[in-house]
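Read-outs: derived from the displayed coordinates by stated rules, not from any lab. Owing to the predicted nature of the structure, the values given are computational and were not obtained by experimental measurement. Virtual Cβ from ideal backbone geometry, glycine too; neighbours counted across all protein chains shown.
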Amino acid sequence: MEDCLFCRIVKGEIPSAKVYEDEFVLAFRDIAPAAPVHVLVIPKKHIESVAALTDDDTELLGKIFAAIRAVAGQEGLENGFRLVANTGKDGGQSVKHLHFHILGKKTFGENFG
Ligand code: AMP
Ligand code: ZN
């Protein structure tokens, strides 16, 4: 995906503040943090959103969630964190490459806005 921002970050064409990387997954700090810790966890492979996942991605999802746990540990989020995956137009997704926001070191309420 030539014009995908996060694919370009994966390729190193656009710089990012990496916090975790393995063969399949990359995590980097959000450029406009909404909490003291705000990390985006993405698959290196281009997948548009949660809605575009298939059964073939089951193993990859396990790796993504392992990375999420690793980042939470590295960032000292033992009190918890909010995990968000904006999906599609109604979900407010602006970058069309699957990503999970980890938001931490901030106490969120029980309700959604
Ligand atoms: P979403 O609205 O869920 O699609 O989230 C996209 C996120 O990507 C937003 O929180 C942006 O601040 C973040 N973002 C956009 N460009 C960059 C970039 N170059 N590096 C890091 N984060 C970015
Ligand atoms: Zn992409």
Just grab the label-to-label distance for Lys89 and Arg8, each label 7 Å out from Cα along the Cβ direction, in nm (one decimal). 2.5 nm
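With a ≥ b ≥ c taken as the square roots of the eigenvalues of the C-alpha gyration tensor of region 49-113, please select rounded if a/c is under 1.5 and otherwise prolate if a/b is larger than b/c or oblate if it is not? Each step should come with its number before you reach the end.
Values: a/c = 2.52, a/b = 1.22, b/c = 2.06.
It is oblate, given that a/c is not under 1.5 and a/b is not larger than b/c.
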If Lys and Arg each add +1 and Asp and Glu each add -1, what is the summed charge of the other residues whose beta carbon sits under 11 Å from the beta carbon of Lys11? 0
Neighbourhood net charge (15 Å Cβ-Cβ; Lys/Arg +1, Asp/Glu -1) for His99: +4
Which whole-Hz couplings ³J(HN,Hα) result when phi for each residue of region 82-87 is put into the Karplus expression 6.51 cos²θ - 1.76 cosθ + 1.60, θ = phi - 60°, listed in order with x for Gly and Pro? 9, 10, 10, 10, 4, 10
Per-residue HN-Hα couplings for region 16-27, Karplus 6.51 cos²θ - 1.76 cosθ + 1.60 at θ = phi - 60°, whole Hz, x for Gly and Pro? 8, 8, 6, 10, 7, 8, 9, 4, 10, 10, 10, 10
Where in the chain lies the longest segment free of GluC sites (Glu not before Pro) that are both loop residues by DSSP (not H, G, I, E, B) and have at most 13 other Cβ atoms within 10 Å? 24-77
Exceeding 21 Å between C-alpha atoms, which entries from my cross-link table qualify? They are Lys18/Lys105; Lys63/Lys106; Lys18/Lys89; Lys63/Lys105. Lys63/Lys106; Lys18/Lys89; Lys63/Lys105
Search the structure for amide H atoms under 5 Å from the amide H of Leu26, placed 1.01 Å from N in the peptide plane, and list their residues when 5 or more places away or on another chain. Ile42, Lys44
So if each residue of separation counts as 0.36 nm, and I subtract the Cα-Cα distance between Ala17 and Ala51, what length gain in nm does that give? 9.5 nm
If the chain were replaced by its equivalent ellipsoid, with semi-axes equal to the square roots of 5 times the Cα gyration tensor eigenvalues, what would those be, largest first, whole Å? 21, 16, 15
Which net charge results when you count Lys and Arg as +1 and Asp and Glu as -1 among the other residues whose beta-carbon is under 15 Å from that of Thr54? -4
Around Asn86, which amide H atoms from residues at least 5 apart in sequence, or from another chain, sit under 5 Å from its own amide H, with H modelled in the peptide plane? His101
